[in-house]
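Report on the following structure.
The values are calculated or read from the model by the stated rules, or taken from the named source; none is laboratory data. Note that the coordinates shown come from a computational prediction; the quantities given were computed from them, not determined experimentally. Quick reminder, even Gly has a Cβ in these numbers, built from the backbone with ideal geometry, and neighbours come from all protein chains shown. Surface accessibility is based on the protein's heavy atoms, side chains included, excluding ligands, DNA and RNA. Shrake-Rupley method; radii C 1.70, N 1.55, O 1.52, S 1.80 Å.
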Amino acid sequence: MEKEDQRNFLLALVAMIAFVFLYQIFVMEPAQKRYQAQQAIVAAQQQAASVDTAAAEAAGPKPLPEALAAASRVKFDAPSIDGSIRLAGARLDDLQLKKHFLTVERAQEVRLLRPEESEFGYFTTYYWATGNTLVAGRNSNWTQVGEGTLSPGAPVMLSLESEGVRIDREISVDENYLFTFRDTVTNTSDAAKSLRPIGSVERHGNYKLFLNATEPGVAAEADNGLAHMGLMGVMDGNLRLKKYKPLFESKKIDGESADGSFSTATGGWWGLSDKYWMSVLVPAQATPFTASVNRASLARGGPLEVRTEGAEVSIAPGASVTVENRIFAGAKKFEILRNYEEAQGIPQFVDAIDWGWAFFLTKPFFYVLHWLHGLVGSFGWAILAFTVLVKLPLVPLYNASFKSMAKLKKLQEPMKEITERFAADPQRRQQEMMKLYKETGANPIGGCLPILVTIPIFYALYKTLYVTLDMRHEPFWYMKDLSAPDPTAIGNLFGLIPFWSAADIKGIFIIGTIFGIGILPLLYGATMAILQSLSPPPPDKMQARIIMALPLVFMFVFGGFAAGLVLYWVWSNVLTFIQQYTIMRMNGAETEVGKFVAGILGRRKAPAE
């Protein structure tokens, strides 16, 4: 590469890094603060409403406690969830995740489903229709048969009579997140009836505010983030996705028919998925059904509703038909999804985790991390072990690269001499350089080859750690949450000043950029600088200065990354340093690290002499 081309490349690199910084400071951080402020207002309103029932007189959504108390309910309690089912409409509209919390302090459980009358109404159920008439609809008055709380092994019975039919609904729940609606429909009229089950997942209000209510701060990534948030389902063996923003704009979904629906004869599921949680309909898998988005509701400015419609069943007078449909409402935990896929026959259910276009890397990466986690008992140690496993197959490639660097390191003086001799003749200088490379067997691009492998590995691991629930609120060493940035900071003496958090420091604009950097990003910058010292510097002084500044730049870039990802890179740099230093010493190349160590040892020996 000519000197001018090298300069242009480095200028482009600097411009790209500057853009990332400016975008983070002027776009992402203000947006994040707006969402957090909005969520704080909502939380304050809900807290005030719980102690002041006079707020119920105000216009708009009802406080959550009042909305729950406004209708008759059947409670449920399972190891992973608790809440209640509203009898009007037999709606599953009150559900909390008992094993997942809003913050690492574990003070408040994540609430996924909410009554329609409350802020962020979000509920799901199955209706029944004949023609265009709902037999069991949104507000049909179901009656509980008997008493009791729904729990695993203890189903509840509901009953409804309407339009010449009686529906006996048995609702059961397992130990995780799957509800089963077993409906026995009896024709009590004198004429034959044709009915079909309709599944519905309905969400009200601003979707970004809701996302922040279940995972603080995630709304900023809803439209362009790495994790898919929006419509998700599998129909006829194909995964269908649409993010919330285009979904609310009624944009076309890939694969939908002219009437806006999807059909399947091989089973499937359909619903709404957030980063870590989802609510999806799983109709009877042995019979065909269709799925759609209720665009008529969106056109009226109404709520977002996704629906499934099962095949019609014909019922003679006095006869009965039993149909079983299911609902998943909970956390996208890998082991649970895999079990439902294998044991319950729900197709491609593990793909509810957004593996992305690089699924051929992200899935295997997660499987290995999951296996290591089971062996070592800690996700942090699993990441360190995974780093070793990833680097082992690349040892020959890195060895060849480091041998090439060692040769280039020994050629620094001859290359400097050629540069000075042919400073006025770039073409001759290039010819002499190539001749020198050929004579010594050095390859100037050999050191770049590992980067071609490292980049996809970096992306795939970043994606894997970002979208999977396993690292959320997972502690390791001094870190309470590997999915969040390093909690320590220079400004609070790495946690020694308890009243000033890293998040507070990072929020102080430019000052926070410097004093909000934690231990792991500092270690990354240091290890990157040490690695650079092993490589031959570019002959151009300006290029050398820019390259020397890169560890500092990337230290700030990595400051906002998940701590688990930065942990991977720090440990990877340490392993790379050991390997590269060993190879270069074996090939007789002198390094700056070697000079430094020799200088230290020399000074220590001096007094003894």
Item to check | Residues located in segment 140-158, provided they are part of a loop (DSSP other than H, G, I, E, B) and more than 24 Å from Asp82 (Cβ to Cβ) | outcome: Ser140
Checklist entry - Would it be correct to say that Glu335 is closer than 30 Å to Val390 by Cβ and at pLDDT 95 or above? => result no
Checklist entry - Which residues, counting only those in segment 215-269, are open to solvent by less than 50 Å² (accessible area, probe 1.4 Å) and of a type in the set (Phe, Trp, Tyr)? => result Tyr244, Phe262, Trp269
Checklist entry - Looking at segment 59-94, which of its residues are in a helix (DSSP H, G or I) and not hydrophobic (A, V, I, L, M, F, W, C)? => result Pro65, Glu66
Checklist entry - Could you count how many residues in segment 375-401 are open to solvent by 60 Å² or more (accessible area, probe 1.4 Å) and either among the basic types (Lys, Arg) or closer than 30 Å to Gln285 by Cβ (or both)? => result 0
Checklist outcome for this item: All-but-one check, Phe120 against (1) touching a residue at least 40 places away in the same chain (Cβ under 8 Å); (2) assigned to a loop (DSSP other than H, G, I, E, B); (3) open to solvent by 30 Å² or more (accessible area, probe 1.4 Å), failing number (3)
Checklist entry - Do you know which residues across segment 162-172 are open to solvent by 10 Å² or more (accessible area, probe 1.4 Å), in a strand (DSSP E or B) and either modelled with pLDDT under 95 or touching a Pro at 6+ places or on another chain (Cβ under 8 Å) (or both)? => result Ser162, Glu170, Ser172
Next on the checklist: Take the conditions hydroxyl-bearing (Ser, Thr, Tyr), over 23 Å from Val135 (Cα atoms) and part of a loop (DSSP other than H, G, I, E, B) and apply them to Ser250. Does it pass?
Outcome noted: yes
Checklist entry - If you take the residues in segment 554-576 that are open to solvent by 40 Å² or more (accessible area, probe 1.4 Å) and at pLDDT below 85, which one is nearest to Val395 (Cα to Cα)? => result Phe554
Checklist entry - Which number in (1) modelled with pLDDT under 95; (2) under 30 Å from Gly225 (Cβ atoms) marks the one condition that Ala311 misses? => result (2)
